[in-house]
Amino acid sequence: MIHVMAEKESPTPHVVVLPFPAHGHINPMLTLSKLFSHFGLETTFAISHRFHTRLNKLTHLNKLTRLPSFHFATITDGAPSDLPKAPFQAFPLFITPTARAAVATELRDLLAGLSPPATCVVADGLMSTIALDVTAEFGIPVIAFRTYSATCTWATVFLKKMVEEGVIPVQIQEDMEKEITSIPGLENLLRGQDLPVICRLDPDHPVLNFYITETSAMCKASSIIFNTFHNLESPIISKFSTIFPKVYSLGPLHSLFKPHITTSNNNDTTCITWLNSHHPNTVLYVSFGTVVCLSRDQVMEFWHGLVNSGKPFLWVLRDDSIQSGDGVVDSVLRHGVPAERGLLVDWAPQEEVLAHPAVGGFLSHSGWNSTLESISEGVPLICWPLIADQTVNSRCVSEMWRVGIDMKGSCDRVIVENMVRDLMENKREDILRSTAEMANMANESVKKGGSSYRDLEKLIEDIRSMSLNN
Ligand code: UDP
């Protein structure tokens with residue numbers, strides 16, 4: 001009887017999710033939001049107008065409206081309407097004080113108008129300052145969601161210390177091989193070249209300062225969520241308990257989500273039809289994510305390396321991913337190889353591609369989502385990191401988890417060819433052993449009773465009890 005009364009009187013828990021406007025941030029936060037909604041929480045996903053339009057083109061967003069209690073709220077990203085074509089050039093425009101103030105204003109208006117009122121805001125770690133300032137006015141907590149690995153996030157906690165110790169800026173000539181001893185727990189892992197790429201910036205650079213400020217604000221959130229799993233990063237995950245009273249490791253989120261919501265988001269079947277015509281484990285999937293931009297020469301080195309390796313490949317090459325493309329690269333790439341040997345697309349349903357039996361390897365830029373998606377499908381990686389957290393991820397892939405090889409820095413057709421042969425033939429057996437073991441642990445973690453599943457249950461329970469206390 002008491003239980004029924006309590007349920008009847010308790011306010012409906014309502015989570016507002018605030019991602020940073022970039023695909024690799026929106027993807028996992030949207031997945032988590034769908035899970036919230038599936039497990040009965042009212043969920044409002046505060047997405048930028050620009051990304052809402054973009055996602056609509058790529059996926060069946062309308063399927064989301066079938067989820068109970070899931071809503072999109074479109075707000076500004078604060079940046080000018082005419083952004084540069086290359087996504088990485090747009091980044092600084094999202095972090096100007098003017099852009100951030102505009103987002104804060106619209107978040108404030110959103111929270112003021114919500115019914116039922118928001119219980120908490122789950123904010124991207126890079127949106128921490130905005131989220132903490134605005135929620136303070138409403139007296140509701142912020143749960144941070146850092147979309148990097150726990151290891152890379154831990155490295156960013158020590159950015160300020162590294163500036164003070166003179167480790168930052170990492171000098172491209174002198175410091176690349178230098179062991180980094182400033183980050184407790186990672187002393188034997190990271191060299192200068194493995195640190196997040198912002199560590200190469202001058203201490204007064206606005207982008208570096210943005211990361212320092214947001215990381216320090218994030219550490220004031222009530223708890224933190226990672227898209228990782230215990231068996232992958234346990235020693236570092238536990239270090240976050242010294243900062244946050246609660247740490248939730250929910251990864252791989254896309255696998256945690258799959259058994260609950262079965263709708264496919266895939267609009268396009270070109271890749272899957274092409275993969276169906278290939279033998280198991282023979283195809284190399286190539287994608288450098290949604291932000292990285294390659295020079296014309298880099299594209300051509302990869303192209304020749306891939307063709308010379310003799311392995312069939314499926315390559316995602318976005319039109320905004322080649323700097324000053326003059327059409328030559330385009331025509332060589334699209335007409336230079338027999339259709340059965342290579343397929344070029346500008347977008348692939350990556351999760352489905354990695355799960356396809358024909359895919360035997362992934363040449364990746366080491367974005368965190370791509371890394372986790374590959375790990376959970378047991379697909380070994382060749383890493384070619386360029387920006388952000390990618391250099392840390394590629395180091396972990398090759399040295400800590402041993403699920404792939406790190407090509408860091410080099411971009412030469414002979415190296416590409418050799419790496420592809422190593423991954424698909426010569427060193428395959430060794431790498432596959434640890435890859436299979438890791439995939440198994442990833443998949444166990446998301447099953448009922450697994451560590452990520454339990455952490456999701458705890459998170460939902462904690463949000464429900466917040467709604468009772470508000
Ligand atoms: N992605 C996709 N199809 C593509 C390219 C990317 O579905 O053709 C997805 C991919 O599955 C991943 C995300 O976009 O979830 C990219 O995130 P990641 O962290 O790997 O890299 P970023 O784009 O942030 O550099």
### Query
Which of (1) assigned to a loop (DSSP other than H, G, I, E, B); (2) under 22 Å from the mean Cα position of the chain (by Cα); (3) buried (at least 19 other Cβ atoms within 10 Å of the Cβ) is the odd one out, the single condition Lys85 does not satisfy?
(3)
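How many residues, within segment 193-213, are assigned to a loop (DSSP other than H, G, I, E, B) and without any contact (Cβ under 8 Å) to a residue 60 or more places away in the chain? Don't jump to the end; show me each part of the working.
So in segment 193-213, the residues assigned to a loop (DSSP other than H, G, I, E, B) come out as 195-196, 201-205.
Right, trim to without any contact (Cβ under 8 Å) to a residue 60 or more places away in the chain and you get 201-205.
Count: 5.
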### Message
Residues that are in contact with a Ser or Thr (Cβ under 9 Å, 6 or more places away or on another chain), more than 21 Å from Ser255 (Cβ to Cβ) and among the aromatic types (Phe, Trp, Tyr): does segment 354-376 have at least one?
### Response
no
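Looking at Leu253, Leu190, can you tell me which residue is in contact (Cβ under 8 Å) with a residue 12 or more places away in the chain, buried (at least 17 other Cβ atoms within 10 Å of the Cβ) and within 30 Å of Lys448 (Cα to Cα)?
Result of the check over Leu253, Leu190: Leu253.
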### Summary
Inside segment 320-358, the number of residues satisfying the requirement of being modelled with pLDDT of 80 or more and either within 14 Å of the ligand (Cβ to nearest atom) or among the aromatic types (Phe, Trp, Tyr) (or both) is 14
### Query
So, of the residues in segment 50-80 that are hydroxyl-bearing (Ser, Thr, Tyr) and modelled with pLDDT of 85 or more, which turns out to be nearest to Ala99 (Cα to Cα)?
Thr76
### Query
If you go through segment 159-175, how many residues are in contact with a Lys or Arg (Cβ under 9 Å, 6 or more places away or on another chain) and touching a residue at least 40 places away in the same chain (Cβ under 8 Å)?
1
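Condition check: out of contact with any strand residue (DSSP E or B) (no Cβ under 6 Å at 6 or more places or on another chain), outside any loop (DSSP other than H, G, I, E, B) and at pLDDT 95 or above. Does Leu256 satisfy that?
Details: out of contact with any strand residue (DSSP E or B) (no Cβ under 6 Å at 6 or more places or on another chain): yes; outside any loop (DSSP other than H, G, I, E, B): yes; at pLDDT 95 or above: no.
No.
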### Message
Among the numbered criteria (1) more than 16 Å from the ligand (Cβ to nearest atom); (2) surrounded by fewer than 24 Cβ atoms within 10 Å (Cβ to Cβ), which one does Val416 miss?
### Response
(2)
### Query
Can you name the residue in segment 392-402 that is surrounded by fewer than 24 Cβ atoms within 10 Å (Cβ to Cβ) and free of Cβ contacts under 8 Å to residues at least 40 places away in the same chain and, of all such residues, is nearest to the ligand (Cβ to nearest atom)?
Ser398
### Message
Please count how many residues of segment 234-253 are within 16 Å of the ligand (Cβ to nearest atom) and either β-branched (Val, Ile, Thr) or modelled with pLDDT of 95 or more (or both).
### Response
3
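Yes/no matrix, rows are residues, columns are (1) in contact with a Pro (Cβ under 9 Å, 6 or more places away or on another chain); (2) touching a residue at least 12 places away in the same chain (Cβ under 8 Å):
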residue: Gly24; (1), (2): no, yes
residue: Arg50; (1), (2): yes, yes
residue: Thr74; (1), (2): no, yes
residue: Ala90; (1), (2): yes, no
residue: Leu107; (1), (2): no, yes
residue: Leu111; (1), (2): yes, yes
### Query
Is at least one residue of segment 224-236 in a helix (DSSP H, G or I) and over 17 Å from Ser451 (Cβ atoms)?
no
### Task
Test Ser370 against the criterion of being of a type in the set (Ser, Thr, Tyr) and within 12 Å of the ligand (Cβ to nearest atom), and give yes or no.
yes
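So in segment 274-297, with the set limited to residues that are more than 16 Å from the ligand (Cβ to nearest atom) and more than 18 Å from Leu381 (Cα to Cα), which one is nearest to the chain's Cα centre (by Cα)?
Quick first cut of segment 274-297, residues more than 16 Å from the ligand (Cβ to nearest atom) only: 276-282, 295-297.
Okay, now just the ones that are also more than 18 Å from Leu381 (Cα to Cα), so 276-279, 295-297.
On the way: Asn276: 28, Ser277: 30, His278: 29, His279: 30, Ser295: 23, Arg296: 26, Asp297: 27 Å.
Among those residues, the one meeting the criterion is Ser295.
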### Summary
Apart from one, (1) touching an Asp or Glu at 6+ places or on another chain (Cβ under 8 Å); (2) modelled with pLDDT under 95; (3) of a type in the set (Asp, Glu) all hold for Asp175; the odd one out is (1)
### Query
Somewhere in segment 377-391, is a residue under 16 Å from Tyr285 (Cα atoms), within 19 Å of the chain's Cα centre (by Cα) and more than 15 Å from the ligand (Cβ to nearest atom)?
yes
### Task
Would you kindly identify the helices (runs of 4 or more DSSP H) lying entirely within segment 93-188 that contain at least 2 residues that are more than 26 Å from the chain's Cα centre (by Cα) and over 19 Å from Ser216 (Cβ atoms)?
97-113, 128-138
### Query
Counting just the residues of segment 427-462 that are closer than 19 Å to Ser238 by Cα and small (Gly, Ala, Ser), which one comes out surrounded by the fewest Cβ atoms within 10 Å (Cβ to Cβ)?
Gly450
### Query
Is at least one residue of segment 298-319 at pLDDT below 90 and surrounded by fewer than 17 Cβ atoms within 10 Å (Cβ to Cβ)?
yes
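The values are calculated or read from the model by the stated rules, or taken from the named source; none is laboratory data. Predicted, not measured: the structure shown is a model, and the values here were computed from it. A quick note on method: Cβ atoms are made from the backbone with ideal geometry, for glycine too, and the neighbour counts reach across all protein chains shown.
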